[in-house]
Amino acid sequence: AIVFKRANAFPLVIAVVPGSPAEKAGVKMGDYLSALDDRSTLVWSLSEIKTYLKDAAPVEVKLRVIRENSTKEISVTRADVYPRALTFAPQAGTAGILTVHHLYAPLAAEAAKTVVPAVKDAKNPLVVDLRDCHEGDPAVVAAFLNLFLTGDKAGGFEKRNGEKETLALPNPAPLAGIPLVVWTNQATLGPAEIVAAALKDQRQAKVVGIETPGLASKQELFPLDSGDALLLTTGVYATASGRKVWGEGVAPDAAIEAGKTATKDYLAKTTALSSGR
């Protein structure tokens with residue numbers, strides 16, 4: 001389950017991954033998670049919620065769910081939802097659909113090995129599907145973007161004191177010339193928003209989908225002598241042209257209407273956009 005949280009509010013389920021333990025247990029988009037294993041989530045941060053929901057072992061977690069006017073208890077057994085960082089599939093009228101599940105290693109290496117040889121000479125657009133992609137590492141974001149972009153910077157992180165940390169892409173980009181379409185939804189978060197914004201800003205990629213929440217930032221963990229640690233947002237992402245994504249999100253060039261969010265609806269919008277309709 002992919003969640004979004006505002007201060008002093010319960011985390012909201014904004015997407016449920018198809019085939020996941022959450023879906024099988026009956027978790028629904030729009031549910032609020034008021035407690036995890038009987039611990040109130042009201043004062044937890046989004047990072048704490050996301051960390052608590054994950055485990056390498058098939059351990060059970062008990063969710064207290066607020067749905068409309070009722071409260072439900074749902075037990076979910078954790079599982080590895082994404083054994084691979086990406087999925088690539090052919091699709092008529094496109095160079096294929098590259099679905100990015102998360103922006104952790106070995107995403108860039110896997111894409112370079114399996115996707116680049118298949119699409120490097122394609123004339124039709126490659127679809128970069130970032131729907132439900134909500135986690136990642138800035139270093140992997142840069143390595144993945146370097147497949148499509150090259151140069152001294154692809155935007156960067158602006159700090160509170162005005163300093164800027166550029167996102168450098170030093171290597172040749174094997175897919176620099178291929179046309180791109182990016183798919184987004186309400187669960188395209190953080191690192192995936194950086195990818196979408198950079199490709200739209202510098203590669204003129206067309207974005208199909210739903211406006212993203214605007215959580216593109218860099219976080220750093222600072223250990224304390226007590227054994228605790230602080231996880232702080234140390235910079236917010238802005239594109240090479242200077243547009244801040246934090247708090248604003250990535251707007252689509254072709255919006256997907258509510259209730260029409262299946263892959264076939266995205267394909268229809270992509271075809272219409274590519275043909276100029």
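The values are calculated or read from the model by the stated rules, or taken from the named source; none is laboratory data. Keep in mind that what you see is a predicted model, and the values were worked out from it rather than measured. Cβ coordinates were reconstructed from backbone atoms using ideal geometry, including for glycine residues, and neighbour counts include every protein chain displayed. Heads up: the accessible areas ignore ligands, DNA and RNA and are worked out on the full protein's heavy atoms, side chains in. Shrake-Rupley method; radii C 1.70, N 1.55, O 1.52, S 1.80 Å.
Within the range 73-95, being charged (D, E, K, R) and open to solvent by 80 Å² or more (accessible area, probe 1.4 Å) holds for GLU73, ASP80, ARG84. Filtering the range 1-17 to residues that are open to solvent by 40 Å² or more (accessible area, probe 1.4 Å) and free of Cβ contacts under 8 Å to residues at least 24 places away in the same chain leaves ARG6, ALA7, LEU12.
Against the test of being more than 20 Å from ARG131 (Cβ to Cβ), of a type in the set (Ser, Thr, Tyr) and surrounded by 17 or more Cβ atoms within 10 Å (Cβ to Cβ), the options THR41, THR51 yield a single qualifying residue, THR41.
Listed here are the strands (runs of 3 or more DSSP E) enclosed by the range 67-135 that have at least 1 residues being among the hydroxyl-bearing types (Ser, Thr, Tyr): 70-77, 86-89, 96-100.
For the range 21-48, the tally of residues that are at pLDDT below 95 and within 17 Å of the chain's Cα centre (by Cα) stands at 2.
When THR271, THR212, THR233 are checked against the criterion of being more than 23 Å from ASP129 (Cβ to Cβ), out of contact with any Cys (no Cβ under 8 Å at 6 or more places or on another chain) and either in contact (Cβ under 8 Å) with a residue 40 or more places away in the chain or not basic (Lys, Arg) (or both), THR233 stands alone in meeting it. If you check PRO58 against the conditions, is it touching a strand residue (DSSP E or B) at 6+ places or on another chain (Cβ under 6 Å), loosely packed, with under 12 Cβ neighbours inside 10 Å and of a type outside the set (Gly, Ala, Ser)? Spelling it out, PRO58 is indeed touching a strand residue (DSSP E or B) at 6+ places or on another chain (Cβ under 6 Å), loosely packed, with under 12 Cβ neighbours inside 10 Å and of a type outside the set (Gly, Ala, Ser). Put simply, of SER20, SER70 the only residue that is hydroxyl-bearing (Ser, Thr, Tyr) and either open to solvent by 30 Å² or more (accessible area, probe 1.4 Å) or in contact with a strand residue (DSSP E or B) (Cβ under 7 Å, 6 or more places away or on another chain) (or both) is SER70.
Can you find a residue that is more than 16 Å from the chain's Cα centre (by Cα), surrounded by 15 or more Cβ atoms within 10 Å (Cβ to Cβ) and not hydrophobic (A, V, I, L, M, F, W, C) anywhere in the range 138-148? Steps first, answer last, please.
Quick first cut of the range 138-148, residues more than 16 Å from the chain's Cα centre (by Cα) only: 146-148.
From what is left, the residues that are surrounded by 15 or more Cβ atoms within 10 Å (Cβ to Cβ) are 146-148.
Filter again for not hydrophobic (A, V, I, L, M, F, W, C), leaving 146.
Looking for residues that are more than 16 Å from the chain's Cα centre (by Cα), surrounded by 15 or more Cβ atoms within 10 Å (Cβ to Cβ) and not hydrophobic (A, V, I, L, M, F, W, C), one finds at least one in the range 138-148, hence yes.
Within the range 205-235, if we keep just the residues that are closer than 22 Å to LYS5 by Cβ, β-branched (Val, Ile, Thr) and at pLDDT 95 or above, the residue that is surrounded by the fewest Cβ atoms within 10 Å (Cβ to Cβ) turns out to be ILE210. The set of residues from the range 236-252 being part of a loop (DSSP other than H, G, I, E, B), out of contact with any helix residue (DSSP H, G or I) (no Cβ under 6 Å at 6 or more places or on another chain) and open to solvent by 70 Å² or more (accessible area, probe 1.4 Å) comprises ARG243, TRP246, GLU248. Here VAL61 fits the description: at pLDDT 95 or above, assigned to a strand (DSSP E or B) and under 24 Å from the mean Cα position of the chain (by Cα).
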